[in-house]
């Protein structure tokens with residue numbers, strides 16, 4: 001498993017533990033399965049070397065997307081879910097301390113969220129970036 | 001109901017008997033529908049595979065109350081889960097266009 005995949009799995013584990021509602025499933029965005037809304041999809045957006053002389057350290061940008069359907073959820077519930085997820089992702093110290101299982105996370109920076117509609121589905125995009133390396 | 005409505009309703013009764021009906025459940029109501037065209041496919045999407053599905057079913061207006069409240073809600077047709085994407089209504093019939101619950 002690559003360093004970025006290990007980071008992705010770490011975030012899936014963190015969000016699964018801290019998800020704001022039992023109805024939400026936290027999934028690997030690239031997994032070959034079908035899921036029912038609402039869910040949080042975690043994906044690796046990009047990976048690059050942090051520095052030429054530190055090739056083992058990678059700058060990993062993560063896409064974390066909450067998808068909910070307008071027909072299912074109350075507006076206030078969704079707002080509360082977004083706040084809870086932001087609080088979890090903004091816990092940079094907590095997340096960066098989760099170095100284990102072959103991965104060292106040096107830093108974790110939460111970069112805010114944006115929202116967009118895809119027909120009747122609201123997608124809330126949470127952007128985060130971390131520095132990590134295989135332990 | 002006019003005589004024309006009565007005539008058309010008798011036609012729907014004949015269609016129900018000929019094509020057969022299955023139960024649709026939505027917003028706490030259960031009613032019979034005749035299943036029309038259906039499509040299903042697969043595509044990759046954020047969060048895994050998506051299964052775009054479309055199914056058209058027809059119910060009798062007299063069997064359903066507050067039908068427009070069913071828009072965007074989840075439902076089942078013969079036990080299979082869908083979401084109500086569109087409703088076309090007249091005095092005697094309701095045509096539901098159903099899609100995958102993630103649509």
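Sequence-distant contacts, meaning Cα pairs under 8 Å at least 6 residues apart, place the relative contact order of region A:1-108 at 24 percent. Rounded to the nearest 500, the helix-only mean residue ellipticity at 222 nm of chain B stands at -5500 deg cm²/dmol, with each DSSP H run of n ≥ 4 adding -39,500 (n - 2.57). Cβ-Cβ distance of residue A:32 and residue B:41, R₀ of 22 Å, FRET efficiency by 1/(1 + (r/R0)^6): the value works out to about 0.90.
For peptide B:86-99, compute the average count of partner chain beta-carbon atoms within 10 Å of each residue's beta-carbon.
Details: counts 0, 0, 0, 0, 0, 0, 0, 0, 0, 0, 0, 0, 0, 2.
Averaged over the peptide's residues, the number is 0.
Highest mean packing comes first when the peptides B:5-17, B:84-96, A:56-68 are listed by Cβ atoms within 10 Å, giving A:56-68, B:84-96, B:5-17. The relative contact order of chain B, computed from alpha carbon pairs under 8 Å that lie at least 6 residues apart in sequence, is 25 percent.
What is the mean projected area of the alpha carbon convex hull for chain B, to one decimal in square nanometres? Don't skip to the end; give the middle numbers.
Values: hull surface 26.9 nm².
Computed as one quarter of the Cα hull surface, the answer is 6.7 nm².
One Cα centroid belongs to region A:42-72, the other to region B:30-103; the line between them spans 36 Å.
Projecting label points 7 angstrom from Cα along Cα→Cβ for residue A:53 and residue A:109 puts them 2.1 nm apart. Rounded to the nearest 10 degrees, the inclination of helix A:3-18 to the longest alpha-carbon principal axis of chain A is 40 degrees. For region B:46-89, the relative contact order works out to 28 percent when only alpha carbon pairs closer than 8 Å and six or more residues apart are counted. Full extension of the chain between residue B:73 and residue B:30 yields a length gain of 14.1 nm, computed as 0.36 nm times the residue separation minus the alpha carbon distance. For peptide B:38-48, the mean count of partner chain Cβ atoms within 10 Å of a residue's Cβ comes to 5.
Output the 0 to 90 degree angle, nearest 10, between the alpha-carbon long axis of helix A:75-89 and the longest principal axis computed from the alpha carbons of chain A. So the inclination is approximately 10 degrees. Extending 7 Å from Cα along the Cβ direction at residue A:74 and again at residue B:13 yields two label points whose distance is 4.4 nm.
Note on residue B:4 and residue A:119: with the Förster distance fixed at 25 Å, the Cβ-Cβ geometry gives a FRET efficiency of about 0.10. Computed per residue of chain A from DSSP H runs no shorter than four, each worth -39500 (n - 2.57), the mean residue ellipticity at 222 nm is -8500 deg cm²/dmol. Both radii come from the Cα set of chain A: Rg as radius of gyration, Rh as Kirkwood radius; their ratio Rg/Rh reads 0.99.
Considering every residue in A:25-32, what mean count of other chain Cβ atoms within 10 Å of its Cβ is obtained? Kindly include the intermediate steps, with their values, before the conclusion.
On the way: counts 2, 0, 3, 2, 5, 4, 3, 3.
Rounded to a whole number, the mean comes out at 3.
Considering every Cα-Cα pair within region A:1-45, what fraction, in whole percent, is farther apart than 11 Å? Considering region A:1-45, 64 percent of its Cα-Cα pairs are separated by more than 11 Å. What is the P(r) of the protein assembly as shown, as percent of Cα-Cα pairs per 5 Å bin from 0? Result returned by the calculation: 1, 6, 12, 14, 13, 11, 9, 8, 7, 6, 4, 3, 2, 1, 1, 0, 0, 0.
Going by C-beta contacts inside 10 Å, put A:99, A:21, B:41 in order with the fewest on the left. Walk me through the numbers before you get to the answer.
Numbers: A:99 16, A:21 13, B:41 10.
Result, fewest neighbours first: B:41, A:21, A:99.
Quick note: the coordinates plus some simple rules give every number you see, no bench work behind them. All figures in this text were calculated on a predicted structure; none of them were measured in a lab. A quick note on method: Cβ atoms are made from the backbone with ideal geometry, for glycine too, and the neighbour counts reach across all protein chains shown.
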